[in-house]
Every structure is written in C-alpha cells, then in structure tokens.
Amino acid sequence: IVTGSLDRGTAMRFNDGVEDVPQVPPYDRFEMCWGRHVCHMGVVKTLKALSAIPRERRTTDEDDTIQKATEFLLIHHIYRRSHDLRRTSKPGWLKFGFPLMYQTDALEILDILTELGTWDSRMDEAIGTVLAKQDDMGRWRAENTFGSDRLLVPTGQKGKESKWITLRAMRVLKRYERGRTSPAMER
C-alpha cells in the first residue's frame, strides 16, 4: 500500500481484499473504489498516467507506484480475481473497445504493461485472449464503443473491424514477443 500526500505517485493504494490501513481522507469517500479491494480501473488509469511520464523525469515515488500497480495487475493475471483465478474480475474487460474513456479492457492493460517493458508469464492467458480475437484477415473487431457516437471524429462501430483496436493488438503482440525473446525483461 502506498499512502501519503496527494503528490504525484504517492496517493495510490493497492489493497487486495485486506483493509489494513484505516479509512482516512481521501480513501474514506468512495468505499467501492477504496474499500477492502481497490478499484482495478483506478489502478489501470493511474498506471497509464504515470507511464506517460518519461522515465528520466519520474520520481522514486512514481517508479515505486508503477512497480506496485504492475504487480497488482499481474497477481490478477490482468483480468482475473486474485483470490480465485478461475473467475473473471470484470467480464467486460474481455470485450475490446475504442475509445475507452474511463473504462478499460484487457487489451489496454496489456498495452500499458508492454509499453513499460513488462513481460511476465501471468500475462499469457490475456495474450491468448488477444490472439483468439484476431480474425482471418489479421484484424480485430470493436466489441465495445463506449460513447464513440458522441465524438466529433468517427472511431468505428461496434461489431466492425477497428483499425484502432487492431493497432493496439498488433503493438501489444509485437512487444510481448520481443519480451519473450529477452528474458531479462521479466519482472
């Protein structure tokens, strides 16, 4: 668990079903996100934000938070429940979408992790899910659109091939394969 002021990288928690820190501000406000089990989407979006900071500009706290967020996602095998890996944490995470807005999916999580240079065997099942969704033409379809009908720029339609999801999937698979051939990248 990381606690502290609301400075970059110091205010994220990673409790996994155990409430071992008193619920004090800011964690006392949203029980469903900060209670006994921290909100997965909050972890993903925090990791996404911190990963956008160039490595040379990150503080020690930010690097520490990135490592803890990465491990939190890995103990969940990206989209599983850590205390029962047979169960999916959020079934919607297996339906790839673009744009995601505040939502997330397994593909976005893999994109963030592989961009950070993470390769871990606990990602294998999620990678298999990405491969299984590839069609005969080597493309992926949008399974969710998360409000894309309200955007000024068309981003694709649900059920149709998506260049954005295909790009993300290809990028993830390329990085992951590169990590498999460089075992030093495993955390």
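The values are calculated or read from the model by the stated rules, or taken from the named source; none is laboratory data. Keep in mind that this is a model prediction, so the values were computed, not measured. Don't worry about glycine lacking a Cβ; one is built from the backbone with ideal geometry, like all the others, and counts go over all protein chains shown. These area figures cover heavy atoms from the full protein model, side chains too; ligands, DNA and RNA do not enter into them. Shrake-Rupley method; radii C 1.70, N 1.55, O 1.52, S 1.80 Å.
So the values come out like this:
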quantity: Candidates Leu74, Leu50, filtered to the one that is in contact (Cβ under 8 Å) with a residue 60 or more places away in the chain, in a helix (DSSP H, G or I), within 14 Å of the chain's Cα centre (by Cα) and crowded, with 17+ Cβ neighbours inside 10 Å; calculated: Leu74
quantity: Residue within the stretch 97-104 that is modelled with pLDDT of 95 or more and hydrophobic (A, V, I, L, M, F, W, C) present; calculated: no
quantity: Matching residues in the stretch 108-162 - criterion: being within 30 Å of Arg55 (Cβ to Cβ) and part of a strand (DSSP E or B); calculated: Trp119
quantity: Residue tally, condition open to solvent by 40 Å² or more (accessible area, probe 1.4 Å), aliphatic (A, V, I, L, M) and in contact (Cβ under 8 Å) with a residue 12 or more places away in the chain, over the stretch 84-136; calculated: 3
quantity: In the stretch 56-67, the residues that are more than 13 Å from the chain's Cα centre (by Cα) and buried (at least 17 other Cβ atoms within 10 Å of the Cβ); calculated: Arg58, Asp61, Glu62, Thr65
quantity: So Gly117, is it on the phi > 0 side of the Ramachandran plot and in contact with a helix residue (DSSP H, G or I) (Cβ under 6 Å, 6 or more places away or on another chain); calculated: yes
